[in-house]
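Working notes, beginning with the structure itself.
The values are calculated or read from the model by the stated rules, or taken from the named source; none is laboratory data. Computed from a predicted structure; not experimentally measured. A quick note on method: Cβ atoms are made from the backbone with ideal geometry, for glycine too, and the neighbour counts reach across all protein chains shown. SASA here: full protein model, heavy atoms, side chains in, ligands and nucleic acids out. Shrake-Rupley method; radii C 1.70, N 1.55, O 1.52, S 1.80 Å.
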Amino acid sequence: VYVAGSKQLAWVFPLILIIFYLLPAMQALGLSVMTFSALAPQLVTTLEPGQLMTTVFPMFLTMAFSYAFSSQKEVQRATLERVATKDPLTGAENRRGLGARLKTLIARNQRKPLKVSLILLDLDNFKKINDQFGHAAGDDVLVGIVNVLRQRVRSSDTIYRIGGEEFLIVADDAGKGTAHRMADDLRVLIEATRLVEGHPVTVSIGIAQLVAGEGYDSWVKRADDALYEAKRTGRNLVVHALADGTLATCEPAEA
């Protein structure tokens, strides 16, 4: 516009649309206002009052509607992401984001060793709760379990619901001993919390710390094997899958 004059003003309108397409709504609005401010001296000196109004008003309308559309699109995207990654009942994360998170941790571990553990929990005899008290009571128990987990986990940890009554915590910066103590705290807290009247609720827990060179399937399988061992040997237990393949019910020493 500065080089060729006001006859090139038509290019400003697709420019505004492109800005709102490429950038977040607030950034795009700021850049559009800056663009208009930069053009204002040229418009005032080259356009007659009538032409100025018929140029400026459509330009503002284009910015306003582009901003409204872009803002609505961001809200819809955030809603879709929340629906796609959150369990609608408990508010915990779901399986969709778990795979990407674990693969990211594994890739980081290959560059520099991490202390990160999986804590896999499964409610004991959950079917009996559904059969005796109904599915609504079972849903309340699941919601209550997540609330208990949130009381104990740290802000860096993430809770996932990966099955009907199965939950997984990705515990960042947690070696074997730290993860085991956290898991046992959770086991005790859940047992002590009255989640359904007249029926104790307990969980079995399996833990696996990520080891050097380990892949996704192996890491998850070790946690699952530890959980299965906790179920097999009496339930309401914490079992740790060690790097050498052995399973321990006592608190292991930190690496």
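Figures for the structure shown
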item: Unique residue being over 25 Å from residue 89 (Cα atoms), at pLDDT below 90 and either open to solvent by 40 Å² or more (accessible area, probe 1.4 Å) or among the acidic types (Asp, Glu) (or both) when the list is 213, 198, 177; result: 213
item: Criterion: open to solvent by 70 Å² or more (accessible area, probe 1.4 Å) and of a type outside the set (Val, Ile, Thr) - qualifying residue of 244, 185, 172; result: 244
item: One residue from 32, 71, 37, 66 being exposed (fewer than 13 other Cβ atoms within 10 Å of the Cβ), among the polar types (S, T, N, Q), modelled with pLDDT of 85 or more and under 20 Å from residue 15 (Cβ atoms); result: 37
item: Qualifying residue in the stretch 74-83 (condition: outside any helix (DSSP H, G or I), at pLDDT below 90 and more than 30 Å from residue 148 (Cα to Cα)); result: no
item: Selection count, the stretch 212-255, where residues are out of contact with any helix residue (DSSP H, G or I) (no Cβ under 8 Å at 6 or more places or on another chain), among the hydrophobic types (A, V, I, L, M, F, W, C) and part of a loop (DSSP other than H, G, I, E, B); result: 2
item: Pairs with Cβ under 9 Å, 6+ apart, first in the stretch 216-235 and of a type outside the set (D, E, K, R), second assigned to a helix (DSSP H, G or I) and open to solvent by 60 Å² or more (accessible area, probe 1.4 Å); result: 216/103
item: Complete set of residues in the stretch 227-255 that are of a type outside the set (Val, Ile, Thr), closer than 19 Å to residue 172 by Cα and touching a His at 6+ places or on another chain (Cβ under 8 Å); result: 240, 251, 252
item: Cβ-Cβ under 6 Å pairs, at least 6 apart or on other chains, the stretch 138-161 side farther than 12 Å from residue 123 by Cβ, far side among the polar types (S, T, N, Q) and open to solvent by less than 70 Å² (accessible area, probe 1.4 Å); result: 143/90
item: Where a residue in the stretch 109-136 is closer than 28 Å to residue 172 by Cα and its partner, wherever it lies, is of a type in the set (Ser, Thr, Tyr), with Cβ under 6 Å and at least six apart; result: 122/204; 124/202; 124/204
item: Within the stretch 216-241, tally of residues that are under 25 Å from the mean Cα position of the chain (by Cα) and open to solvent by 20 Å² or more (accessible area, probe 1.4 Å); result: 7
item: The one condition in (1) farther than 30 Å from residue 91 by Cβ; (2) exposed (fewer than 13 other Cβ atoms within 10 Å of the Cβ) that residue 79 fails to fulfil; result: (1)
item: Any hit, the stretch 84-100, residues being at pLDDT below 80 and either open to solvent by less than 100 Å² (accessible area, probe 1.4 Å) or among the acidic types (Asp, Glu) (or both); result: yes
item: Residue satisfying condition, being surrounded by 15 or more Cβ atoms within 10 Å (Cβ to Cβ) and not in a helix (DSSP H, G or I), within set 12, 1; result: 1
item: Unmet requirement for residue 208, which otherwise passes all of (1) open to solvent by 30 Å² or more (accessible area, probe 1.4 Å); (2) touching a Phe, Trp or Tyr at 6+ places or on another chain (Cβ under 8 Å); (3) not aromatic (Phe, Trp, Tyr); result: (1)
